[in-house]
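This report concerns only the one structure given below.
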Amino acid sequence: MAGRVHRFAADRLAAPFVVVVAIACAPARAQDGGAADIATLEPVSVTATRALQPSADLLADVTVIRKDEIARAGAQSVAELLQRQPGVEIVQNGGPGSVSGVFLRGANRGQTLVLIDGVRVASSSAGATSLEAIPLDAIDRIEILRGPASSLYGADAIGGVIQLFTRRGTGEFSASASAGYGTYSTATAAGGVSGSAGPLRFSLHAGAKRSAGFNAIVDPLNFAFNGDRDGYSGQDVSASAALPWADGQELTAQYLRSRLDAQFDGGPGFDDRTVTTVEAWQAASRNRLAPFWVSQFSVGEGMDDSVTQTAYGEFPFRTGQRQYAWQNELALPLGTLTAGWERREERITTTEAFAVTSRNTDSLFGIYQLRHGESSLQANLRRDDSSQYGGKTTGAIAYGYQFAPAFRMTAGGSTGFKPPSFNDLYYPGYSNPALAPETSRNVEVGAYFYGTAGGGRWEARAIAYRNRVSELIVLRCDAAFNCVPENVARALLEGVTLGFDARFATTTLVASVDLQNPKDEITGLLLPRRARQHGALTLGHTVGNVRLGAEVVASSYRYDNATNTRRMAGFGILNLTAEWELAKGWTAFARADNVFDRDYQLAADFSTGGATLFAGLRWRP
């Protein structure tokens with residue numbers, strides 16, 4: 001049981017708070033569609049509508065993190081990169097290889113859906129994604145959709161959706177490589193090629209990392225304390241291919257596999273560790289069947305294979321999610337309609353005596369969009385029918401109006417749900433087969449301002465939201481400490497996200513502040529590990545062939561428990577980055593994190609490692 005406590009502690013505690021105030025040394029992140037250059041916002045977002053959309057037409061609160069920003073940020077993990085984004089807090093039980101989670105707009109770790117190239121990779125037993133096992137070096141782009149999105153993607157999207165896109169071939173042959181070394185004997189290496197052979201476009205990428213790590217739990221009174229270092233090692237490979245075999249007809253395929261072997265503190269006298277393998281593949285046929293009709297059929301599978309080794313034994317849990325989808329994009333006389341069918345087949349394998357180890361979900365969805373004059377409208381409707389928990393219908397509607405070239409407003413409402421995990425339903429001695437899905441209702445309004453000054457461009461925005469979550473699943477224990485999960489809690493997630501992006505010649509500035517109140521609606525107490533204020537500030541400046549960056553991440557205080565008796569102090573840290581173009585195709589880079597060596601925690605008793613330095617070389621001819 002100790003191994004499961006390590007893997008799923010973040011979920012059982014409720015959800016983490018961390019804070020975010022970042023200054024990244026990359027081109028300004030574009031909100032609402034996501035090109036890095038604010039002056040040229042390009043149509044790159046697909047997550048908010050399940051189809052490519054111009055940034056000016058999006059009605060949702062979306063951030064896109066592009067490849068160049070990922071490279072320049074120098075982050076060691078997906079969670080570390082996400083920590084700097086608006087609306088995002090993280091929890092991490094130690095270093096970059098440790099169990100990590102994201103809290104999007106205050107929602108629990110398992111209430112944010114994570115996709116890799118459209119494929120689900122979460123553990124059905126835990127009910128959350130092993131974010132720490134997803135290799136950042138294999139990711140080409142990240143899109144963050146905030147707010148309930150079950151009407152688009154079904155289960156789990158109460159807080160929103162984070163979609164990661166792996167690398168793609170563009171046609172022309174290219175190669176790249178990178179290597180770095182830093183504090184705690186942390187070393188990374190990655191490389192790849194992409195190109196074409198006739199009409200076939202392809203890419204192949206591989207990476208490896210290792211670190212001696214540091215002692216994760218710093219409190220010797222903690223029952224799991226072990227004074228050893230908690231290091232990690234990982235390897236990953238990804239590939240993609242695209243074959244346009246006729247005009248408007250294309251076959252595509254992509255694959256990702258990553259293995260992470262990470263130590264953790266589970267008690268004295270034993271080298272506790274979890275070996276996690278995340279795998280995702282998908283093949284699709286995209287076909288223009290008529291001038292007004294594009295159809296795509298895809299099949300794929302996401303896999304999470306976790307083996308936790310402790311002094312109490314070995315705990316293997318394997319999830320496989322086979323996914324089929326048929327999506328159709330139709331240009332109507334007035335507006336567009338995206339409609340389709342999906343089927344998801346979940347299977348788990350474990351040595352525990354689960355009464356049920358599979359469930360199937362069949363879904364129908366429709367997304368209608370209308371652009372007329374200064375008005376924009378989007379309406380979503382989806383029905384999910386599960387062999388385990390029955391049917392759920394979710395919807396969303398959003399409206400936007402362009403009052404002036406420099407001012408736009410949006411408003412909308414949406415619903416979401418999350419079914420209980422297999423652990424919640426069937427884990428021997430700690431489960432409740434009568435659990436119902438968690439549900440949410442959200443309303444939000446946004447205001448966006450655009451302008452020019454001093455030869456540069458800027459964008460300011462404010463988004464206010466109120467998301468009520470019902471039927472929350474929490475663990476309840478009697479006097480004899482017999483514990484079972486029950487649908488007895490409610491949460492209210494409300495707040496305002498303020499953001500500002502600007503680019504002036506060789507200088508970029510990205511800033512965001514979240515003022516929020518994620519609370520237990522019954523007790524009025526803050527949800528665990530979430531702050532009332534957090535924010536990020538990023539500043540980048542280029543001088544000749546050198547680019548310098550500064551990044552501030554900050555948060556107000558949080559509590560580590562639901563009763564708000566164990567307080568974690570607020571924090572503010574400064575990170576610095578630098579890039580130097582040595583010669584054509586060769587770039588030296590360095591990143592210093594927490595340069596003032598602040599002692600802060602994202603989870604009580606767990607160290608964040610103090611000041612660190614990482615440096616290396618990139619080659620991209």
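A few comments on the model shown:
- Residue ID - surrounded by the most Cβ atoms within 10 Å (Cβ to Cβ), chosen from residues in the stretch 555-575 that are in contact with a Leu (Cβ under 8 Å, 6 or more places away or on another chain) and more than 21 Å from Asn215 (Cβ to Cβ): Arg558
- Of the criteria (1) modelled with pLDDT under 95; (2) in contact with a strand residue (DSSP E or B) (Cβ under 8 Å, 6 or more places away or on another chain); (3) surrounded by fewer than 18 Cβ atoms within 10 Å (Cβ to Cβ); (4) of a type in the set (D, E, K, R), which one Arg441 fails: (1)
Yes or no, residue by residue, for (1) surrounded by 15 or more Cβ atoms within 10 Å (Cβ to Cβ); (2) aromatic (Phe, Trp, Tyr); (3) in contact (Cβ under 8 Å) with a residue 40 or more places away in the chain:
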site: Ser363; (1), (2), (3): yes, no, yes
site: Gly366; (1), (2), (3): yes, no, no
site: His372; (1), (2), (3): no, no, no
site: Gln378; (1), (2), (3): yes, no, yes
site: Leu381; (1), (2), (3): yes, no, yes
site: Asp384; (1), (2), (3): yes, no, yes
site: Ser387; (1), (2), (3): no, no, no
site: Thr393; (1), (2), (3): no, no, no
site: Gly400; (1), (2), (3): yes, no, yes
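- Among the residues making up the stretch 153-163, those that are closer than 13 Å to Gly118 by Cα and buried (at least 24 other Cβ atoms within 10 Å of the Cβ) are Tyr153, Gly154, Val161, Ile162.
- The residues listed here are Arg618, Arg598; of these, the one that is of a type in the set (Lys, Arg), in contact (Cβ under 8 Å) with a residue 12 or more places away in the chain and part of a strand (DSSP E or B) is Arg618.
- Candidate set: the stretch 42-74, residues that are at pLDDT below 90 and of a type in the set (Ser, Thr, Tyr); chosen: the one surrounded by the most Cβ atoms within 10 Å (Cβ to Cβ): Ser45
- Number of the condition not met by Ala592 [criteria: (1) among the hydrophobic types (A, V, I, L, M, F, W, C); (2) under 30 Å from Val496 (Cβ atoms); (3) assigned to a strand (DSSP E or B)]: (2)
- Residues in the stretch 236-275 that are part of a strand (DSSP E or B), farther than 15 Å from Ala208 by Cα and in contact with a Phe, Trp or Tyr (Cβ under 9 Å, 6 or more places away or on another chain): Ala239, Ser240, Ala241, Ala242, Leu251, Ala253, Gln254, Tyr255, Gln263, Arg273, Thr274.
- From the options Ala155, Ala187, residue that is modelled with pLDDT of 95 or more, part of a loop (DSSP other than H, G, I, E, B) and in contact with a Lys or Arg (Cβ under 9 Å, 6 or more places away or on another chain): Ala155
- Hits in the stretch 164-191 (condition: free of Cβ contacts under 8 Å to residues at least 40 places away in the same chain and surrounded by 15 or more Cβ atoms within 10 Å (Cβ to Cβ)): Ala187, Ala189, Gly191
- With respect to the conditions (1) more than 30 Å from Pro405 (Cβ to Cβ); (2) surrounded by fewer than 19 Cβ atoms within 10 Å (Cβ to Cβ); (3) of a type in the set (A, V, I, L, M, F, W, C), Leu332 falls short on a single one, namely (1).
- Val543 touching a residue at least 40 places away in the same chain (Cβ under 8 Å), surrounded by fewer than 21 Cβ atoms within 10 Å (Cβ to Cβ) and either out of contact with any His (no Cβ under 8 Å at 6 or more places or on another chain) or closer than 21 Å to Ala611 by Cα (or both): no
- Some residue of the stretch 112-129 being on the phi < 0 side of the Ramachandran plot, within 12 Å of the chain's Cα centre (by Cα) and surrounded by fewer than 24 Cβ atoms within 10 Å (Cβ to Cβ): yes
- Gly95 vs. criteria out of contact with any strand residue (DSSP E or B) (no Cβ under 6 Å at 6 or more places or on another chain) and at pLDDT below 95: no
- Residue within the stretch 162-178 that is among the aromatic types (Phe, Trp, Tyr) and within 24 Å of the chain's Cα centre (by Cα) present: yes
- Residues in the stretch 601-615 that are surrounded by fewer than 20 Cβ atoms within 10 Å (Cβ to Cβ) and in a strand (DSSP E or B): Leu613, Ala615.
- Unique residue being modelled with pLDDT under 95 and of a type in the set (S, T, N, Q) when the list is Thr351, Thr361, Thr336, Thr319: Thr351
- Filtered residues of the stretch 314-329 (kept if surrounded by fewer than 17 Cβ atoms within 10 Å (Cβ to Cβ) and under 25 Å from the mean Cα position of the chain (by Cα)): Pro316, Arg322, Tyr324, Trp326
- Search result, residues across the stretch 497-518 that are of a type in the set (Val, Ile, Thr) and surrounded by 16 or more Cβ atoms within 10 Å (Cβ to Cβ): Thr497, Thr508, Val510, Val513
- Residue match in the stretch 264-284 (condition: surrounded by fewer than 19 Cβ atoms within 10 Å (Cβ to Cβ), farther than 30 Å from Ala379 by Cβ, in contact with a helix residue (DSSP H, G or I) (Cβ under 9 Å, 6 or more places away or on another chain) and not β-branched (Val, Ile, Thr)): yes
- Residue in the stretch 247-254 that is buried (at least 20 other Cβ atoms within 10 Å of the Cβ), touching a residue at least 40 places away in the same chain (Cβ under 8 Å) and either under 28 Å from Ala128 (Cα atoms) or within 21 Å of the chain's Cα centre (by Cα) (or both) present: yes
- Search result, residues across the stretch 407-466 that are part of a strand (DSSP E or B) and acidic (Asp, Glu): Glu438, Glu444, Glu459
- Selection of first residues in the stretch 98-110 that are surrounded by 24 or more Cβ atoms within 10 Å (Cβ to Cβ) and of second residues that are of a type in the set (Asp, Glu) and not in a strand (DSSP E or B), restricted to Cβ pairs under 7 Å at least 6 apart or on distinct chains, gives the following pairs, ordered by first then second residue: Ser98/Glu132; Val99/Glu132; Ser100/Glu132; Asn108/Asp11; Arg109/Asp11; Gly110/Asp11; Gly110/Asp156.
- Every listed requirement among (1) in a loop (DSSP other than H, G, I, E, B); (2) touching a Gly at 6+ places or on another chain (Cβ under 9 Å); (3) within 30 Å of Val595 (Cβ to Cβ) is met by Thr170 save one, (3).
- Meets criteria (at pLDDT below 95 and surrounded by fewer than 19 Cβ atoms within 10 Å (Cβ to Cβ)) for Ala311: yes
- Taken as a whole, the condition of being in contact (Cβ under 8 Å) with a residue 60 or more places away in the chain and not hydroxyl-bearing (Ser, Thr, Tyr) does not apply to Ala569.
The values are calculated or read from the model by the stated rules, or taken from the named source; none is laboratory data. Values in this document were obtained by computation on a predicted structure and should not be read as measured data. Cβ sites come from the backbone with ideal geometry, for glycine too, and all protein chains shown count toward neighbours.
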